[in-house]
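First comes the structure, then the notes that go with it.
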Amino acid sequence: MDSEPGDELVEVIGDDGHLVRVATRRQMRAENLRHRNVAIVVRRSSGEVVAHQRSDWKDVHPSLWDVAFGGVPGVDESDEDAAVRELAEEAGLVVGADDLVDLGQGSHDDDNTRWTGRFFIVITDALLTPADGEVTQMVEVAPADLPTWSVEHPVCPDAMALLRLVSELPA
C-alpha cells in the first residue's frame, strides 16, 4: 500500500542550507519550514520553454502556472537524482543526470513556502507525457515572450526569479 504524500519524509534545512532535521511533508507545509527544492526548466532546441499549469489538488500553488518542473527531494536524495525523478513523474520525460545543465542555486520565502534549491535546465524535443496528474496542461513559450506571458497567466510566486533568469537565456 502506498503512503500518503503528506507522510513522505523531507529534509528541513536552516537558512545556511544545512540539515536541521527530518519532518513529514505535511508538517513542513503546515509550519512553512525551509526545505530543499529542485526546479528543472525544459527547453526546446528551438528555444521555447515548456510552461505548465499545476493541478488544483497540489499542496502549494494549486492551479497556478510554472516555468519549471520539480519539487522536494527525498531524504538523502541528491539534487540531480531528484531532478531526474521529478521530470519523469511530472513531465513523463526520462533523462539522465548528465542531461541536466546546472543553472545555480536559488531560494524563496513567502507565507506558503520556504525553500532553498538548485535550478537546472534540460534541452530536449522529446514528447512530454504527464501521467501522475500533477500537470493539467502545457504550452511552449519563447523566452522573450515570458515576461508578457507571465502577466497574462497566474504564475507561481516562487517561479518569478527563475522566470527572469530563463527569459534572459540566449535563444
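Readers should treat all values here as calculations from the given coordinates under stated rules, not as data from a laboratory. This one's a predicted model, so the numbers in the text were calculated from it and none came from an experiment. Heads up, the Cβs are rebuilt from the backbone with ideal geometry, glycines too, and the neighbour counts pull from every protein chain shown.
A few remarks follow.
- Using a simple spin-label model with pseudo-atoms 7 Å out from Cα toward Cβ, D109 and V94 lie 4.2 nm apart.
- Extension gain, T136 back to R164 (0.36 nm per residue minus Cα-Cα distance, nm): 7.7 nm
- The H on the amide N of F120, modeled in the peptide plane, is under 5 Å from the matching H of A39, I40, V41, L103, each at least 5 residues off or on a different chain.
- Backbone geometry of the range 131-140 corresponds, through the Karplus equation with coefficients 6.51, -1.76 and 1.60 at θ = phi - 60°, to 3J(HN,Hα) couplings of 10, 8, x, 6, 10, 9, 7, 9, 9, 10 Hz, x marking Gly and Pro.
- Extension gain, D81 back to T24 (0.36 nm per residue minus Cα-Cα distance, nm): 18.5 nm
- Each part gets one Cα centre, and for the range 84-116 versus the range 1-67 those centres are 8 Å apart.
- Placing +1 on each Lys and Arg Cβ and -1 on each Asp and Glu Cβ, with no other charges, gives the range 5-167 a dipole about its Cα centre of roughly 240 debye.
- Computed lengthening from W57 to V101, 0.36 nm per intervening residue step minus Cα-Cα distance: 12.8 nm
- Mean residue ellipticity (222 nm) of the chain, computed from DSSP H runs ≥ 4 via -39,500 (n - 2.57), nearest 500: -5500 deg cm²/dmol
- Helix 79-91 axis, angle to the chain major axis (alpha carbon atoms, nearest 10°): 60
- Distant-in-sequence amide contacts of V20, defined by a placed amide H-H separation under 5 Å and a gap of 5 or more residues or a different chain, comprise V12, I13, G14.
- The orientation-averaged shadow of the Cα convex hull for the range 5-167, equal to a quarter of the hull surface, comes to 8.7 nm².
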